[in-house]
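The values are calculated or read from the model by the stated rules, or taken from the named source; none is laboratory data. This one's a predicted model, so the numbers in the text were calculated from it and none came from an experiment. As a convention, Cβ positions derive from the backbone with ideal geometry for all residues, glycine included, and neighbour counts pool all protein chains shown. Ligands, DNA and RNA are excluded from the accessible area calculation, which covers all protein heavy atoms including side chains. Shrake-Rupley method; radii C 1.70, N 1.55, O 1.52, S 1.80 Å.
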Amino acid sequence: TNVVGNGVVLHAPGLFEEIAKLEARGEPVLPQRAGGKHPDSAPPRLVVSDRAHLLFDLHMAVDGARVAELGGGQIGTTRRGIGPCYASKATRNGLRVCDLLGDEQAFRAKLAALAKDAASRFPDPAAGVAAYDPQADADLYLREYAPKLRALVADTVDLVNDAHAQGRRLLIEGANATMLDVDFGTYPFVTSSSPSVGGVASGLGLAPTKFQAIVGVAKAYTTRVGAGPYPTEI
């Protein structure tokens, strides 16, 4: 069972594109009721936290606009919208998976407010932010992704802690690691979350007292994506 925890920012179109590729290769991910390889009675292959924040194409547009604004002072982001989505989370105007599965009108209103806020920051049509249509995107999410996500969503904090209490083996992965940690990495050339071991508690809801083994992996030389200092050269 693969768990996408509460600390993740989730791009629903990308998630289901990856799922489709896996299923096309014969790896069932989504529950299948009739005659499938993965019946509803089987343990789920994928579970998504209801508290994970949704990353919209709007966040990608904001990411690109910020990169263009920085000019020669770019950090070197992937322009996938990750930083702006975590910024929405921190400024408390982001939308979570539970918002998508809750009241439809509230979801539309929150997404419209998020788009209005972004457009006020980047009003120039050339930036591409003002062209984002929140109502059209809300239609897409409610029609295409809400029904699919509903079958995958759970309170993953309960799920993970129950599994620990049952003595099941948990393998937890954090992307990027310490050198790109927003607190302990080479700031500002970092990611926007805490991918060090501390992220397990905040990003998954598993208490540090339950950590049984921590494996640290270090390369002989430090690499990075994008701009910023290159410690190996230094």
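Couple of notes before you dig in:
- Criterion (within 19 Å of ASN6 (Cβ to Cβ) and of a type in the set (Ser, Thr, Tyr)) met by exactly one of THR223, THR156, THR232: THR156
- Members of region 181-234 found to be assigned to a helix (DSSP H, G or I) and hydroxyl-bearing (Ser, Thr, Tyr), listed by number: SER202, THR209
- Lone qualifier among VAL160, VAL182, VAL190 - being closer than 30 Å to VAL217 by Cβ, at pLDDT 95 or above and not hydroxyl-bearing (Ser, Thr, Tyr): VAL160
- Every condition in (1) among the hydroxyl-bearing types (Ser, Thr, Tyr); (2) open to solvent by 50 Å² or more (accessible area, probe 1.4 Å); (3) closer than 24 Å to ARG79 by Cβ is met by THR222 except one, and the failing one is (2).
- For region 136-173, a residue qualifies if it is open to solvent by 40 Å² or more (accessible area, probe 1.4 Å) and among the polar types (S, T, N, Q), and exactly one does: GLN166.
- All positions within region 63-86 that are open to solvent by less than 70 Å² (accessible area, probe 1.4 Å) and either at pLDDT 95 or above or in contact with a Leu (Cβ under 9 Å, 6 or more places away or on another chain) (or both): GLY81, ILE82, PRO84, CYS85, TYR86
- Taken together, the residues in region 1-26 that are surrounded by 17 or more Cβ atoms within 10 Å (Cβ to Cβ) and either assigned to a strand (DSSP E or B) or touching a His at 6+ places or on another chain (Cβ under 6 Å) (or both) amount to 4.
- Selection from region 192-219 of residues that are of a type in the set (A, V, I, L, M), over 25 Å from ILE82 (Cα atoms) and open to solvent by 60 Å² or more (accessible area, probe 1.4 Å): ALA213, ILE214, VAL215
- Scope region 124-140; condition touching a residue at least 40 places away in the same chain (Cβ under 8 Å) and touching a helix residue (DSSP H, G or I) at 6+ places or on another chain (Cβ under 6 Å); matching residues: ALA127, GLY128, VAL129, TYR132, PRO134
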